[in-house]
Amino acid sequence: MPYDPNIHHRLSIRLHGYDYNQPGSYFVTICTYEKHHVFGSIVNDEMYLNDAGQIIKNTWNSIPQRFPNIELDEYIIMP
């Protein structure tokens, strides 16, 4: 479904006039609904991914295969 400002009332936080195609570092945060713990659990201060967490990890790591100009740096998957 294409973006329609009359239906989709999202406030853009993009910097007006900034070219997001230029090289740079970007901080990305993706949160689950109501911050539910759906990607795994922490046991003895160590994160253990469940199946959903493993899918997130595999998908994130495959981004450069689809978008060759992207280089991934550090990331963390939280429960």
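Table for the structure above
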item: Residue list for region 38-70, restricted to those being exposed (fewer than 10 other Cβ atoms within 10 Å of the Cβ), of a type outside the set (S, T, N, Q) and under 30 Å from GLN22 (Cβ atoms); result: ARG66, PHE67, PRO68
item: Scan of region 1-37 for residues that are surrounded by 10 or more Cβ atoms within 10 Å (Cβ to Cβ) and either touching a residue at least 40 places away in the same chain (Cβ under 8 Å) or outside any loop (DSSP other than H, G, I, E, B) (or both), ordered by number; result: HIS37
item: Region 1-51, residues that are among the hydrophobic types (A, V, I, L, M, F, W, C) and farther than 30 Å from PRO79 by Cβ; result: MET1, ILE7, LEU15
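Computed from the coordinates by the stated procedures, all read-outs in this text should not be read as laboratory data. For clarity, every value in this text was computed on a predicted model and none was experimentally measured. As a convention, Cβ positions derive from the backbone with ideal geometry for all residues, glycine included, and neighbour counts pool all protein chains shown.
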